[in-house]
Amino acid sequence: MRGTADVSNSKFVDNLLDYDVVVIGAGISGLYQLYRLRKAGFRVCILERGTGVGGTWYWNRYPGARFDSESYSYAYSFSDELLEEWDWSEHFASQPEILRYLEYVGSKFDLLKDIKFGSDVRSATYEEKDKHWKITLADGMAYTTRMLVTAMGVLSEPTFPNIKGIDSFQGDFFHTARWPKDPVTFEGKDVAVIGTGASGVQTIQEISKQVRHLTVFQRRPNWCSPLNNGPITSSEMKAIKSDYKDMFARCAESQGGFIWTIDPRGTFEVTPEERIDFWETLYHGRGMNIYQGNFRDVLVDSRANEAMSDFMAKKIRTRVDDPEIADLLIPKDHGFGTRRVPLETGYYETYNRANVDLIDLNKTPILEITPEGILTSEKEHKTDQIIYATGFNAITGSFDRIDIRGVGGLTLKAQWDRKLETFLAVQVVNFPNFLMVMGPQGLGGNHPRNIEYNVEWITSLLEYMRSENLSEVEPTSEAIRFWSNHIMEKSAASLSNKVDSWMTGVNHNVEGKDTRLIGARYGGSVQSYRGLCDSVAAGSYKEMVFS
Ligand code: NA7
């Protein structure tokens with residue numbers, strides 16, 4: 001490891017600066033980045049807006065929030081001791097358990113002492129002459145650092161809908177991603193939920209059992225599939241622990257980093273009976289197997305995708321009593337898996353309950369929020385509470401809110417508004433000494449697996465700079481062009497790139513984000529992404545300019 005060498009004379013290190021590295025965000029990415037950099041001997045701290053660790057799992061405390069991926073595959077893999085010590089109680093852990101886990105990680109590795117909570121970063125300016133960043137918080141505090149690493153998450157800036165009157169509502173209203181820490185009571189309450197993405201689905205199925213009446217306002221339905229969650233017995237947990245090594249190896253070999261691998265068969269290469277049998281097995285299996293472990297052509301070939309969508313539509317019709325409601329819940333504008341598939345537990349049966357109504361916003365759009373409820377083109381729906389499950393300014397939103405200025409005072413937002421470009425989703429031209437964990441144009445899929453990889457790669461780059469006496473790094477324009485072309489190539493086949501969703505960078509509630517961004521995320525496999533990143537490191541980072 002390069003970090004063990006005597007580095008006190010390296011030009012990378014400047015003791016007049018507050019830190020060698022400042023990381024923004026104490027979620028899964030930031031915690032591991034802090035752990036790795038500290039271990040490598042860097043002076044590092046995290047600036048975190050919240051009052052605790054957890055990131056996504058700190059903010060998204062809404063009822064029913066939980067993993068949609070198997071708990072054991074969606075946590076850290078870096079520490080055998082941690083893997084051995086931690087027992088998951090369910091195949092898909094709920095938010096309180098996940099937050100407990102991340103708090104445990106924070107204290108086990110003594111990370112809290114290097115995290116400044118309540119630090120709302122407002123600006124980051126690159127001081128070209130001295131090759132360092134100056135970071136300023138909302139409260140006026142400022143820090144200087146050689147390197148700035150963002151670990152801000154792909155989905156961290158919630159968006160409310162563009163509807164007039166939101167603040168005029170007299171009852172309580174919440175966004176799923178800014179849920180209060182104090183418990184919210186639903187008993188005896190009339191509640192409205194706007195939004196039917198993954199967060200809306202988890203919320204709706206959970207609170208429908210508690211509220212007096214629930215009205216769901218749906219613009220576009222999604223293809224939801226059963227989570228098939230269940231408790232993990234102690235013998236199961238023992239077996240999971242003994243399989244960890246192999247399981248993480250399987251994740252590294254799969255397309256998306258999940259425990260599921262795509263079936264090599266084509267949809268129409270099997271008999272109709274075999275096809276339906278396979279889909280029935282997937283439908284009754286756990287989690288994302290139906291999304292990530294389906295026939296190889298389901299997410300790339302329209303005819304295969306249509307057949308799969310028909311199968312799912314039939315399931316919805318079987319589970320929902322009222323055929324008109326069932327029809328409203330069947331997506332017509334996109335095929336199965338072309339937007340993120342929400343995983344559900346009794347979601348469709350929720351609409352068989354007498355206390356639940358579904359409003360089709362395509363027929364009766366919302367005109368405004370009133371002091372007493374929601375006014376559609378049909379009538380005013382009076383309600384005690386409104387829950388906005390209306391999603392995020394995804395991918396670039398967490399960067400847009402900070403005034404990040406690189407060479408020549410240019411803002412990152414202005415540069416990305418012109419064209420979203422990165423190198424390996426980690427670096428940006430004109431922004432030296434700026435690195436991103438899970439940045440735009442990066443892998444989706446199993447985030448913790450990809451986070452660990454990104455963090456290791458970034459740590460190695462910084463060790464290289466320190467040992468080679470380098471104080472500045474920036475990607476070349478050729479490298480950026482290469483990555484843009486590569487992203488286009490890798491995205492071309494996927495049907496999801498033809499559909500509006502947060503994954504293609506679309507959010508109609510945010511100005512300038514209403515057109516699909518081809519190449520907002522990396523469309524290739526985990527192996528192809530890692531292969532390229534590894535080859536850049538192995539070639540001594542020739543795609544970058546150092547000084
Ligand atoms: P999503 O998946 O972006 O879903 C947001 C939902 O909110 C979606 O149903 C939207 O309808 C709806 N929405 C947004 N704005 C409006 C307005 N103005 N009027 C009515 N409905 C609206 O966010 P989630 O939080 O559910 O999930 C994000 C990811 O987190 C998820 O994919 C997982 O990876 C974890 P639309 O579909 O745009 O018609």
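The values are calculated or read from the model by the stated rules, or taken from the named source; none is laboratory data. Please read these numbers as outputs of a predicted model, since none were measured by experiment. Using ideal geometry, Cβ is built from the backbone for each residue, glycine included, and neighbour counts are taken over all protein chains shown. Protein only, heavy atoms only, side chains kept; ligands, DNA and RNA dropped before computing areas. Shrake-Rupley method; radii C 1.70, N 1.55, O 1.52, S 1.80 Å.
Hey, got the dipole for segment 1-142? About the Cα centre, +1 on K and R Cβ, -1 on D and E Cβ, debye to the nearest 20?
Working: 17 positive and 22 negative charges, 105 e Å.
Using Cβ point charges on Lys, Arg, Asp and Glu, segment 1-142 gives about 500 debye.
If we sort 277-283, 523-529 on the protection proxy, mean other Cβ atoms within 10 Å, highest first, what's the order?
Packing order, densest peptide first, comes out as 523-529, 277-283.
Of 309, 537, 348, which is farthest along the charge dipole of the chain in the positive direction, counting Lys and Arg as +1 and Asp and Glu as -1 at C-beta?
Of the listed residues, the answer is 537.
Quote the accessible area belonging to residue 382 in square angstrom, nearest 10, computed with a 1.4 Å probe and with ligands, DNA and RNA left uncounted.
Taking all protein chains as shown, residue 382 has close to 120 Å².
Can you give me the accessible area per residue for segment 71-169, using a 1.4 Å probe, in Å²? List each step's numbers first, then the result.
Working: 4180 Å² over 99 residues.
Ligands and nucleic acids excluded, the figure is 42 Å² per residue.
Tell me, in nm to one decimal, what length is gained between residue 108 and residue 210 on full extension, where the rule is 0.36 nm per residue of separation less the Cα-Cα distance?
Result for the pair: 33.0 nm of gain on full extension.
What order do you get for 9-18, 390-399 when each peptide is scored by the mean count of other beta carbon atoms within 10 Å, highest first? Before the final figure, lay out each step's value.
On the way: 9-18: 14.9, 390-399: 23.9.
Answer by packing, highest mean first, reads 390-399, 9-18.
Could you pull out the trypsin sites (Lys or Arg not before Pro) across segment 400-431 that fall in loop regions by DSSP (anything but H, G, I, E, B) with no more than 12 other Cβ atoms inside 10 Å?
Here the trypsin sites (Lys or Arg not before Pro) that fit, given the DSSP loop and packing criteria, are 419.
Kindly state, to the nearest 0.05, the FRET efficiency for residue 80 paired with residue 528, given R0 = 25 Å and r defined as their beta-carbon distance. Walk me through the numbers on the way to the answer.
Details: r = 28 Å, r/R0 = 1.13.
That gives a FRET efficiency of 0.30.
Send over a whole-number figure in Å² for the accessible area per residue of segment 262-396, probe 1.4 Å.
45 Å²
Only Cα pairs under 8 Å and at least 6 apart count here; give the relative contact order of segment 30-139 as a rounded whole percent.
33 percent
In debye to the nearest 20, how big a dipole does segment 204-261 give about its Cα centre with +1 on each Lys and Arg Cβ and -1 on each Asp and Glu Cβ?
320 debye
Gain in length, residue 261 to residue 482, computed as 0.36 nm per residue apart minus the alpha-carbon separation, to one decimal in nm?
76.7 nm
Report, to the nearest 10°, how far helix 28-39 tilts away from the longest principal axis of the Cα atoms in the chain, using its own Cα long axis and a range of 0 to 90°.
Helix 28-39 and the main axis of the chain meet at about 20 degrees.
Grab the Cα-Cα distance for residue 367 and residue 16, subtract it from 0.36 nm times how many residues apart they are, and report the gain in nm with one decimal. Can you show the working numbers first?
Working: separation 351, 0.36 × 351 = 126.36 nm, distance 5.63 nm.
Value of the extension gain: 120.7 nm.
For the chain, what does the helix formula give at 222 nm: sum of -39500 (n - 2.57) over DSSP H segments with n ≥ 4, over the residue count, nearest 500 deg cm²/dmol?
Estimated from H runs of four or more residues: -9500 deg cm²/dmol.
Got a number for carbon plus sulfur as a percent of the chain's accessible area, 1.4 Å probe?
49 percent
Which whole-angstrom value gives the distance between the alpha carbon centres of segment 8-78 and segment 211-237?
So the two Cα centres are separated by 29 Å.
Evaluate the relative contact order of the chain (contact order divided by residue number), counting alpha-carbon pairs under 8 angstrom at least 6 apart; express in whole percent.
On the way: 1085 pairs, mean separation 112.8, N = 547.
Contact order relative to length: 21 percent.
Between residue 129 and residue 182, with labels modelled 7 Å along Cα→Cβ, what's the label distance in nm to one decimal, could you check?
The two pseudo-label positions are separated by 5.1 nm.
State the answer as a single residue: which of 392, 547, 230 lies farthest towards the positive end of the charge dipole of the chain, with beta carbon charges of +1 for Lys and Arg and -1 for Asp and Glu, about the Cα centre.
Positive-end residue among those listed: 547.
Going by amide H atoms built from the backbone, whose H comes under 5 Å of the H on residue 61, apart from near neighbours?
Amide H to amide H, under 5 Å and 5 or more residues apart or across chains, residue 61 pairs with 179.
Under the rule of at least 5 residues apart or a separate chain, name every residue whose amide H is placed under 5 Å from the amide H of residue 173.
So residue 173 has HN proximity to 386.
Can you give me the long-range amide H partners of residue 159? Hydrogens built in the peptide plane at 1.01 Å from N, cutoff under 5 Å, separation of 5 or more residues or another chain.
Distant-sequence amide H within range of residue 159: 391, 392, 393.
Kindly express, to the nearest 10 degrees and within the range 0 to 90, the angle between helix 302-319's C-alpha long axis and the longest C-alpha principal axis of the chain.
Tilt relative to the chain: about 50 degrees.
Using θ = phi - 60° and the Karplus relation 6.51 cos²θ - 1.76 cosθ + 1.60, list the HN-Hα couplings for segment 242-250 in order, rounded to whole Hz, with x at every Gly or Pro.
These are the phi-based 3J(HN,Hα) values: 6, 9, 3, 4, 5, 4, 5, 5, 5 Hz.
Rounded to the nearest 10 Å², what accessible area does residue 503 have for a 1.4 Å probe in the complete protein model?
That residue has around 30 Å² of solvent-accessible surface.
Percent relative contact order of segment 104-250, based on C-alpha pairs within less than 8 angstrom and at least six residues apart?
Relative contact order comes out at 12 percent.
By its C-alpha gyration tensor, with a ≥ b ≥ c as the square roots of the eigenvalues, how is segment 94-189 shaped: rounded for a/c under 1.5, else prolate for a/b larger than b/c, else oblate?
Numbers: a/c = 2.95, a/b = 1.50, b/c = 1.97.
Note, shape of segment 94-189 comes out oblate.
Within segment 32-191, count lysine pairs with alpha carbon atoms under 29 angstrom apart where the residues are 8 or more positions apart or belong to different chains.
The result is 17.
What residue among 102, 154, 126 has its Cα farthest toward the positive end of the dipole of segment 71-175, where the charges are +1 on Lys, Arg and -1 on Asp, Glu, each on the Cβ?
So the residue furthest toward the plus end is 126.
Under a plain spin-label model, where a point goes 7 Å from the Cα along Cα-to-Cβ, how far apart in nm are residue 138 and residue 9?
That separation, rounded to one decimal, is 4.6 nm.
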